[in-house]
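Reviewing the structure listed below.
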């Protein structure tokens, strides 16, 4: 006879196994994995930055955002926390500003965010299929997209998911 508590453990175990298998499927080698697209955008200094050249052999977190978006503003402190946490692992964080009508440079400076800020990324957002802000992509050193969100989500699960992907892919030893 199954108890309510016993059924709860079965549901938790099944959910955990599904999550792990989905992650394993998305992380496994294969031709069906999505590759990140290259781009060149100008930074705050006006100098062009080429994604593939700049990222070189580093894992990357890309966030497509705008100052007017409440979801983007809510997510940015979480990404800054992750940026600092994974600095030793040499993870690059890029903030690609899209659909902007304010001053993203002042916003990043006022909030002391250290991601590489790139301006006027509207066309790049289209090539990545971003439907809303913030869009987020975690890319490994082989330019494989390990995690993606093409529109806004609550910041806490995004932070947890990005951390999980980075820790799983990078391994605890290099942090």
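The values are calculated or read from the model by the stated rules, or taken from the named source; none is laboratory data. Given the structure is predicted, the values throughout are model-derived calculations rather than measurements. Every residue, glycine as well, gets a Cβ built from its backbone with ideal geometry; the counts of neighbours run over all protein chains shown.
Remarks
- Test: residue in segment 70-80 that is farther than 15 Å from residue 153 by Cα and either surrounded by fewer than 21 Cβ atoms within 10 Å (Cβ to Cβ) or touching a helix residue (DSSP H, G or I) at 6+ places or on another chain (Cβ under 8 Å) (or both): yes
- Within the span defined as segment 130-142, every residue fails to be crowded, with 18+ Cβ neighbours inside 10 Å, more than 24 Å from residue 43 (Cβ to Cβ) and within 11 Å of the chain's Cα centre (by Cα).
- Residues satisfying the stated conditions in segment 150-167, i.e. within 17 Å of residue 33 (Cβ to Cβ) and modelled with pLDDT under 90: 150
- Of 147, 142, all but one fail to be closer than 25 Å to residue 171 by Cα, touching a helix residue (DSSP H, G or I) at 6+ places or on another chain (Cβ under 6 Å) and modelled with pLDDT under 95; the exception is 147.
- Boolean, residue 137 is within 21 Å of residue 49 (Cβ to Cβ), out of contact with any helix residue (DSSP H, G or I) (no Cβ under 6 Å at 6 or more places or on another chain), modelled with pLDDT of 95 or more and not in a helix (DSSP H, G or I): yes
- Output for segment 116-134, where each listed residue is outside any helix (DSSP H, G or I) and out of contact with any helix residue (DSSP H, G or I) (no Cβ under 6 Å at 6 or more places or on another chain): 116, 118, 119, 120, 121, 128, 129, 130, 131, 132
- When we screen 165, 145, 158 for residues that are surrounded by 14 or more Cβ atoms within 10 Å (Cβ to Cβ), in a strand (DSSP E or B) and within 12 Å of the chain's Cα centre (by Cα), the only hit is 145.
- Selection status of residue 88, in contact with a helix residue (DSSP H, G or I) (Cβ under 9 Å, 6 or more places away or on another chain), surrounded by fewer than 14 Cβ atoms within 10 Å (Cβ to Cβ) and under 20 Å from residue 54 (Cα atoms): yes
- Single match in 114, 171 (criterion: without any contact (Cβ under 8 Å) to a residue 12 or more places away in the chain, under 22 Å from residue 56 (Cα atoms) and either touching a strand residue (DSSP E or B) at 6+ places or on another chain (Cβ under 6 Å) or surrounded by fewer than 17 Cβ atoms within 10 Å (Cβ to Cβ) (or both)): 171
- Selection within segment 62-102: residues that are under 17 Å from residue 165 (Cα atoms) and in a loop (DSSP other than H, G, I, E, B). The member of this set that is farthest from the chain's Cα centre (by Cα) is 88.
- Residue 26 vs. criteria modelled with pLDDT under 90, surrounded by fewer than 18 Cβ atoms within 10 Å (Cβ to Cβ) and either within 17 Å of the chain's Cα centre (by Cα) or closer than 12 Å to residue 95 by Cα (or both): yes
- Residues within segment 31-61 that are in a strand (DSSP E or B) and over 20 Å from residue 90 (Cβ atoms), tallied: 5
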